[in-house]
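These notes concern the structure reproduced below.
The values are calculated or read from the model by the stated rules, or taken from the named source; none is laboratory data. Here the structure is a predicted model, which means the values were calculated and not measured. Quick note on the areas: whole protein, heavy atoms, side chains included, nothing else; ligands and nucleic acids left out. Shrake-Rupley method; radii C 1.70, N 1.55, O 1.52, S 1.80 Å.
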Amino acid sequence: MERHPPGLFIPVARLSDLDARGRTVVQVDGRAVAILRVAGALYAVEDACPHREGPLSEGDLDGFILHCPLHAWPFDVRSGICSSTPDVRVRTWPVRVLGEEIQLKVDRI
Ligand code: FES
């Protein structure tokens, strides 16, 4: 498996990869990462809920709150913090867009 040096933005997808809901799932160093457009910006969260690994990419959004599709735990896509249980969080990554390219900052591998 290819590993990336920490602290670098790496290309992971293109804007054209986003589906009609503004979402896609990419693989980064062996992890599935959900990229979601919320209020005009892109956010990246690990696509595995810390409860029982529900696919967060399939969850419903309520503003910045993404509800896990399995048992509805709510996660803020900006911080990854579970708004009902703040000591629980899902991993997030900084996202930037250069031209058509979506990049994630990989700094905690
Ligand atoms: S797997 Fe996400 S809330 Fe249970």
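Tabulated values for the structure
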item	result
Residues of the chain: accessible area per residue with a 1.4 Å probe, Å²	55 Å²
Stretchable slack from Ser83 to Asp62, in nm (0.36 nm times residue separation minus alpha-carbon distance)	6.4 nm
Rg(Cα) / (2.2 N^0.38 Å) computed for the range 35-109, rounded to two decimals	1.06
The chain, accessible surface, carbon-and-sulfur percent (1.4 angstrom probe)	48 percent
